[in-house]
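One structure is given here, and the rest of the page talks about it.
Every number in this text was worked out from the coordinates using simple rules, so none of it is lab data. From a predicted model like this one, the values you see are computed outputs, not experimental measurements. We place every Cβ from the backbone using ideal geometry, glycine too, and count neighbours over all the protein chains shown.
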Amino acid sequence: MVDVSQHDLVPDHSVVDDDELDDVMEEYGIDPTDLPKIKRTDPALPDDAEVGDVIEIVRDSRTADTATVYRLVVE
């Protein structure tokens, strides 16, 4: 079977730890439930991601070096 998360076109996905999450939520003035959602069954998610975790996705960007987005893992 192919591991989609290791494909060159799939951006880096990582679980945000609690300390960093507090900083991000404070910076944007939001709660994790305000974030866009990503399903737990998404093959790009790290194996240790659980429902309720926040995922940081770092993509290449044409206008900036990288673009960082956050998603809340849902069932």
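Using Cβ point charges alone (K and R +1, D and E -1), the dipole size of the chain about the Cα centre works out to roughly 620 debye. Among D34, D65, a tally of other beta-carbon atoms within 10 Å of each Cβ gives an order, fewest to most, of D65, D34. Backbone phi angles across the range 13-26, fed through the Karplus curve with coefficients 6.51, -1.76 and 1.60 (θ = phi - 60°), yield HN-Hα couplings of 10, 9, 6, 7, 6, 4, 5, 5, 4, 4, 5, 5, 5, 5 Hz in residue order; Gly and Pro are listed as x. Applying both filters, DSSP loop and at most 12 other Cβ atoms within 10 Å, to the trypsin sites (Lys or Arg not before Pro) of the range 25-74 gives R62.
Using the reciprocal of the averaged 1/r over all distinct C-alpha pairs, how large is the Kirkwood radius of the chain in Å? With all distinct Cα pairs of the chain included, I get 13.1 Å.
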